Amino acid sequence: MKFLPAILSASLLATPVQAQQADRADLAARTVMDLAKATRAPASAPPALSVIVVRPGAAPVIYVDGVADVRTGARADGDTPFYIASMTKAYVGLMAATLDQRGVFDLDQTMTDVWPGLTIEGRDPSMITFRQLLSHQAAIENDELTGGTAYVREIPAGDYGAFLAWSEARDEGFRYDNLGYILYGAALELKTGRHWRTWLDETVIRPLGMDHTASRVSGWPVAAAGHEWIGDGQWQTRSVKADDLMHAAGGLMTSPNDMARWLAANAGRMALPPEAYVEAQTSLISAEANQEGIACQGYSLGWRTCLVAGEPVLLHGGGYTGARSGMAIVPRLGVGVAVMSNSDSMTGYLSGALVKTFLTTLIDPAYQPETPAAFGQAFSDMLTKQMRRRHERLAQARGEAVWQGWAWTPDAATLDAYVGRYRSDLGDVMVERDGEGLRLRLGQISARLTPAAPDLFGAQSSPIVTPDEARFVRENGRIVRLDWDGDLLPRVD
């Protein structure tokens with residue numbers, strides 16, 4: 001696109017101060033790339049890793065290494081879409097600011113402007129605005145909506161009113177979750193008749209020239225799969241999400257090349273009206289947090305607002321089963337950085353550490369980063385320690401008295417009696433035969449059921465996680481419900 005690679009005109013780098021800033025940006029880019037490369041040796045390093053840096057007056061620096069999917073061996077490159085999870089919020093925040101300024105959807109309208117007659121015990125929805133919802137300061141919660149849309153199914157916009165009746169009051173102040181963004185997406189569709197994905201394409205994705213960015217997982221020739229870490233160099237691999245679970249709080253795939261366009265546009269306020277960036281990036285609530293050693297003080301429309309050595313910085317991370325990502329921009333300097341990976345093998349730490357190192361090297365001349373050898377060794381040691389701890393936790397959990405020594409070995413006919421449909425608030429839970437055993441499914445959730453004692457199974461989504469209790473309850477000898485980790489689900493077939 002015309003605004004890349006130059007975020008700002010190179011002629012603006014003529015002063016000594018600006019030249020020094022450019023030198024620091026180049027040093028920070030070289031440093032973070034060298035550190036990223038030093039983490040690639042361990043077997044449990046993410047199958048694919050990408051680091052993206054944008055600077056004023058220079059081409060983006062993009063590092064991509066590894067395979068998009070270990071099942072196929074397909075290599076990742078600059079056009080391979082990675083799932084970015086909650087970093088989606090910044091894209092939706094910019095869309096929301098744009099539509100607010102266009103008069104399409106007023107962020108200061110309230111929940112009852114969209115859902116008249118809505119009541120929430122302990123809270124007045126006529127006093128809760130969508131600006132508050134998008135900055136995580138509306139003091140309500142709704143596990144059915146957040147859990148259902150993240151793991152089970154897309155909830156039609158027309159059904160949100162009924163689900164909102166189950167909302168509960170929470171403590172006042174900031175609390176990060178997905179609720180505000182999925183409510184905004186539903187409300188935008190109800191008010192305009194157009195899905196939030198359509199609006200995002202029109203207001204953000206197409207104007208920024210991001211042709212490898214979309215709110216779908218399917219249809220790409222090559223895309224980064226999700227790799228759940230289950231052992232040293234071992235992965236449980238699947239598509240990161242189903243298309244219908246790609247919601248407004250965490251529903252985008254984007255490529256390294258498109259991430260460079262996104263960072264450049266936000267850091268340099270290009271391609272869209274500058275006022276939209278200002279509205280999206282202005283802090284709206286105090287939100288103290290430590291993000292991998294970076295002190296953050298507030299939250300805007302999809303960005304945490306932070307300070308690094310006194311310099312204002314905006315950042316956000318994203319995570320889901322088998323994927324982690326992180327990004328940051330320094331608006332005054334026109335600089336941005338992002339890290340994307342397709343596994344959960346300590347990659348949340350890795351993305352945060354690389355982002356912090358880049359920012360601190362850029363901003364603080366006194367900072368001395370780790371050497372690549374030391375950084376790579378520290379990451380390798382961390383992988384080893386974390387997997388050992390997981391095995392220890394698993395062994396301890398399996399040794400608990402509730403499992404009665406895992407001595408029960410039911411035959412095929414006995415297992416068949418448990419097969420069926422069980423009703424939950426989020427949808428029907430299916431218990432199915434899986435080879436010689438049983439498997440429980442609810443949307444994206446899939447757990448193997450391991451026999452422990454009569455009518456009691458351990459439910460595990462992967463071999464390395466601690467088991468949840470799945471206990472079948474009988475009446476007059478017939479299985480009538482499933483008690484799944486405390487949730488009572490009646491049998492309906």
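Just wondering, is there one or more residues in region 236-252 that are farther than 23 Å from VAL152 by Cβ and part of a loop (DSSP other than H, G, I, E, B)? Walk me through how you get there before you give the answer.
Residues of region 236-252 farther than 23 Å from VAL152 by Cβ: none.
Looking through region 236-252, none of the residues is farther than 23 Å from VAL152 by Cβ and part of a loop (DSSP other than H, G, I, E, B).
Of the residues making up region 49-97, just one is touching a Pro at 6+ places or on another chain (Cβ under 7 Å), assigned to a strand (DSSP E or B) and over 25 Å from HIS227 (Cα atoms), namely VAL54.
Of all residues in region 283-293, those that are surrounded by 14 or more Cβ atoms within 10 Å (Cβ to Cβ) and either small (Gly, Ala, Ser) or modelled with pLDDT of 95 or more (or both) total 5. Here region 402-420 is the region considered, the condition is being of a type outside the set (A, V, I, L, M, F, W, C) and surrounded by 14 or more Cβ atoms within 10 Å (Cβ to Cβ), and the residue that is nearest to the chain's Cα centre (by Cα) is GLY420. If the condition is being over 30 Å from GLU288 (Cβ atoms) and either assigned to a helix (DSSP H, G or I) or hydroxyl-bearing (Ser, Thr, Tyr) (or both), then region 149-179 contributes ALA157, GLY158, ASP159, TYR160, GLY161, ALA162, PHE163. When restricted to residues that are touching an Asp or Glu at 6+ places or on another chain (Cβ under 6 Å) and farther than 15 Å from ALA36 by Cα, region 345-386 contains 1. Taken over region 1-47, the criterion of being assigned to a loop (DSSP other than H, G, I, E, B) and at pLDDT 50 or above is satisfied by THR15, ALA38, THR39, ARG40, ALA41, PRO42, ALA43, SER44, ALA45, PRO46, PRO47.
Among the numbered conditions (1) touching a residue at least 12 places away in the same chain (Cβ under 8 Å); (2) farther than 23 Å from ALA280 by Cβ, the only one that ASP108 does not meet is (2). Among residues of region 196-209 that are on the phi > 0 side of the Ramachandran plot, those with a beta-carbon under 7 Å from a residue that is modelled with pLDDT under 95 and surrounded by fewer than 19 Cβ atoms within 10 Å (Cβ to Cβ) at least six positions away or on a different chain give the pairs GLY209/MET1.
Can we say GLY326 is surrounded by fewer than 23 Cβ atoms within 10 Å (Cβ to Cβ), under 14 Å from the mean Cα position of the chain (by Cα), part of a strand (DSSP E or B) and of a type outside the set (A, V, I, L, M, F, W, C)? Answer is no for this residue.
For region 344-356, a residue qualifies if it is in contact with a helix residue (DSSP H, G or I) (Cβ under 6 Å, 6 or more places away or on another chain) and in a helix (DSSP H, G or I), and exactly one does: LEU354.
Going by the structure shown, is PHE358 at pLDDT 95 or above, among the aromatic types (Phe, Trp, Tyr), in contact with a Leu (Cβ under 7 Å, 6 or more places away or on another chain) and crowded, with 20+ Cβ neighbours inside 10 Å? Before you say what the answer is, go through the steps one by one.
Details: at pLDDT 95 or above: yes; among the aromatic types (Phe, Trp, Tyr): yes; in contact with a Leu (Cβ under 7 Å, 6 or more places away or on another chain): no; crowded, with 20+ Cβ neighbours inside 10 Å: yes.
So PHE358 does not fit the description; no.
Name the one entry in GLY103, GLY78 that is under 26 Å from LEU200 (Cβ atoms), of a type outside the set (Phe, Trp, Tyr) and in contact (Cβ under 8 Å) with a residue 40 or more places away in the chain.
Details: GLY103 fails: in contact (Cβ under 8 Å) with a residue 40 or more places away in the chain.
Only one candidate passes the filter, namely GLY78.
The values are calculated or read from the model by the stated rules, or taken from the named source; none is laboratory data. In this text the structure is predicted, and so the values were computed from the model without any measurement. Here Cβ is always computed from backbone atoms with ideal geometry, including for glycine, and neighbour counts include all displayed protein chains.
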